[in-house]
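The block underneath contains the structure these notes are about, expressed in structure tokens.
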Amino acid sequence: RGVGLSAPQVDESLAVFVTYLPQEAEDTEPTMRSFINPHMVMQSDEKTFGDDPEKPILEGCLSIPSLYGPVPRHSWVKFEYQVIENDMLKTKTETFHDFTARVMQHELDHLYGVLFTDYILEFDLPLYSDAKGKLIEIDKKIAEKF
């Protein structure tokens, strides 16, 4: 059900994450991609909660299921990362936009020990729980447990 997973989420101390997203330039089926030693080299000045300010995108996380919240993210990011091609590490640079940029930032945060709930606490944002398919706002102090 997730669109990304980082090595620290599965108790591996590696700077690696994978995503399962459609290619941005094409409307295709989702593709599994690996990002080794990723880092952001450039980003938009603007941070957003998504395209519609009245309806922010709520992030969730496989590490803390059933909790969701809005997170301010750069609208685009440029990453440098490595991939394995022909048994060799090859460095690539790529720019990501919109939802894909959001996923990339979320997964990169995991590599630094940051969860989306840290933003909830830092920016005093609402936290929601999935209660039988319906999101209800809950006490954000729950985020302190993570």
| task | Collect the residues in region 14-28 that are part of a loop (DSSP other than H, G, I, E, B) and either in contact with a Phe, Trp or Tyr (Cβ under 9 Å, 6 or more places away or on another chain) or at pLDDT 95 or above (or both), keeping them in residue-number order. | result | Leu14, Ala15, Glu24
| Residue ID - most open to solvent (accessible area, probe 1.4 Å), chosen from residues in region 44-60 that are within 12 Å of the chain's Cα centre (by Cα) and more than 12 Å from Asp130 (Cβ to Cβ) | Ile57
| request: Consider Tyr112 carefully, then state whether it is farther than 17 Å from Ser75 by Cβ and aromatic (Phe, Trp, Tyr). | output: yes
| Subset of region 58-104 (residues that are touching a helix residue (DSSP H, G or I) at 6+ places or on another chain (Cβ under 8 Å), over 24 Å from Lys145 (Cα atoms) and of a type in the set (A, V, I, L, M, F, W, C)) | Trp76, Val77, Phe79, Phe96
| field | Selection from region 105-132 of residues that are surrounded by fewer than 15 Cβ atoms within 10 Å (Cβ to Cβ), under 24 Å from Glu80 (Cα atoms) and free of Cβ contacts under 8 Å to residues at least 12 places away in the same chain | value | Tyr112, Val114
| Which residue pairs have Cβ atoms under 8 Å apart, sit 6 or more places apart or on different chains, and have a first residue in region 62-83 that is in contact (Cβ under 8 Å) with a residue 60 or more places away in the chain and hydrophobic (A, V, I, L, M, F, W, C) and a second that is open to solvent by 50 Å² or more (accessible area, probe 1.4 Å) and part of a strand (DSSP E or B)? | Leu62/Leu5; Leu67/Tyr128; Leu67/Asp130
| remark: All-but-one check, Glu144 against (1) in contact (Cβ under 8 Å) with a residue 60 or more places away in the chain; (2) more than 17 Å from the chain's Cα centre (by Cα), failing number (1)
| field | Lone unmet requirement of (1) closer than 22 Å to Tyr128 by Cα; (2) in contact (Cβ under 8 Å) with a residue 12 or more places away in the chain for Phe17 | value | (1)
| query | In region 9-43, how many are surrounded by 15 or more Cβ atoms within 10 Å (Cβ to Cβ), among the polar types (S, T, N, Q) and within 16 Å of Glu94 (Cα to Cα)? | reply | 2
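The values are calculated or read from the model by the stated rules, or taken from the named source; none is laboratory data. Only a predicted model underlies this, so the values are computations on that prediction, with no experimental measurement involved. For neighbour counting, all protein chains shown are included, and Cβ atoms are generated from backbone atoms with ideal geometry for every residue, glycine included. For the accessible areas, the whole protein counts, side chains as well, though only heavy atoms, and no ligand, DNA or RNA atoms are used. Shrake-Rupley method; radii C 1.70, N 1.55, O 1.52, S 1.80 Å.
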